[in-house]
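Heads up: the structure comes next, in structure tokens.
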Amino acid sequence: MPFRDRADAGRQLAPRLAAYAGREDVTLLSLPRGGVLVGFEIAKLLRVPLDVLIARRIVAPVNHRMTIGAVASGGVRVVDEELCRALGVSDKTVQWLADAEAREVERLERVYYGCHRAPGIRDRTLLLVDDGVATGASMRAAVTAVEQGRPAGIVIAVPVASYAAYAELSRRAREFVYCYIRDPVYSVGLWYEDYTPVSEQEVCRLLGEALDRSSPRAPQAP
């Protein structure tokens, strides 16, 4: 497996984003939870601010490994209507599943933005980072969400991507940066030796550490 863990994946991906290092117009937005561990390492090495953009997959009711859409902050919803028809998932069921995930997005916004405001993105170059894209549904929702904020540019960066996701998403981004590209990817977790689930507490800790790192140091008393 190419990556020991998500931190290792971030360290491998960061050099491919060197053109954005130290730039004051760049913000790195990670997709929680796993993407935050990748993004934390990249943000540290590139010396850019780290924050989150919340997106949730909508999974098929009969197969939770199959993604039929996604929702993201800002009321964004994307649905693979062709796949839903092929699986026999009704519009009513899709609506119910999407509503449930939208409520979870709202809850996570309260958790992750509880100690600070959501990041401003207008006229900024955004690095959208996740720990991998197989179907690309969550990243599609994330791109749609940030497009509404009129950024200067969108760069998608992931350790591993499928050709299908790359073909679709690269049309909507200034760049699509990756370490490995394969088809099919099957499951992103298969590319990691350690793909331990990430807790909300860990995400909050890393966001706090990144915020402290990017804040100017207060002058010390004589």
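The values are calculated or read from the model by the stated rules, or taken from the named source; none is laboratory data. Here the structure is a predicted model, which means the values were calculated and not measured. Methodologically, a virtual Cβ is constructed for each residue, glycine included, from the backbone with ideal geometry; neighbour enumeration extends over all protein chains shown. Areas reflect the complete protein model, heavy atoms only, side chains present, ligands, DNA and RNA absent. Shrake-Rupley method; radii C 1.70, N 1.55, O 1.52, S 1.80 Å.
Only one of E106, E101, E81 is charged (D, E, K, R) and under 17 Å from D130 (Cβ atoms). Can you tell me which?
Numbers: E106 fails: under 17 Å from D130 (Cβ atoms); E81 fails: under 17 Å from D130 (Cβ atoms).
Going through E106, E101, E81 in turn, the sole match is E101.
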Inset, instruction - Give me a count of the residues in the stretch 182-216 that are in a loop (DSSP other than H, G, I, E, B), loosely packed, with under 14 Cβ neighbours inside 10 Å, touching a residue at least 12 places away in the same chain (Cβ under 8 Å) and not aromatic (F, W, Y). - result: 8
Inset, instruction - Go through (1) in a helix (DSSP H, G or I); (2) farther than 21 Å from E175 by Cβ one by one and return the number of the condition A18 breaks. - result: (2)
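Of the residues that make up the stretch 32-44, is at least one surrounded by fewer than 21 Cβ atoms within 10 Å (Cβ to Cβ) and under 20 Å from V143 (Cα atoms)?
Start the filter on the stretch 32-44 by keeping residues that are surrounded by fewer than 21 Cβ atoms within 10 Å (Cβ to Cβ), which leaves 33, 44.
Retained after the next criterion (residues that are under 20 Å from V143 (Cα atoms)): 33.
Yes, because at least one residue in the stretch 32-44 is surrounded by fewer than 21 Cβ atoms within 10 Å (Cβ to Cβ) and under 20 Å from V143 (Cα atoms).
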Legend entry - Scan of the stretch 2-25 for residues that are under 18 Å from the mean Cα position of the chain (by Cα) and either on the phi > 0 side of the Ramachandran plot or at pLDDT below 95 (or both), ordered by number: none
Inset, instruction - Filter the stretch 166-178 down to residues that are in a strand (DSSP E or B) and open to solvent by 20 Å² or more (accessible area, probe 1.4 Å) and give me whichever is nearest to M139 (Cα to Cα). - result: F176
Legend entry - Residue in the stretch 133-153 that is modelled with the lowest pLDDT, counting only those that are open to solvent by less than 10 Å² (accessible area, probe 1.4 Å) and touching a helix residue (DSSP H, G or I) at 6+ places or on another chain (Cβ under 8 Å): G136
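Would you check if there is a residue in the stretch 48-63 being open to solvent by 40 Å² or more (accessible area, probe 1.4 Å) and either among the β-branched types (V, I, T) or out of contact with any helix residue (DSSP H, G or I) (no Cβ under 7 Å at 6 or more places or on another chain) (or both)? Can you show your working first?
Narrowing the stretch 48-63 to residues open to solvent by 40 Å² or more (accessible area, probe 1.4 Å): 49, 56-57, 61-63.
Cutting the leftovers down to either among the β-branched types (V, I, T) or out of contact with any helix residue (DSSP H, G or I) (no Cβ under 7 Å at 6 or more places or on another chain) (or both) gives us 62-63.
Yes, because at least one residue in the stretch 48-63 is open to solvent by 40 Å² or more (accessible area, probe 1.4 Å) and either among the β-branched types (V, I, T) or out of contact with any helix residue (DSSP H, G or I) (no Cβ under 7 Å at 6 or more places or on another chain) (or both).
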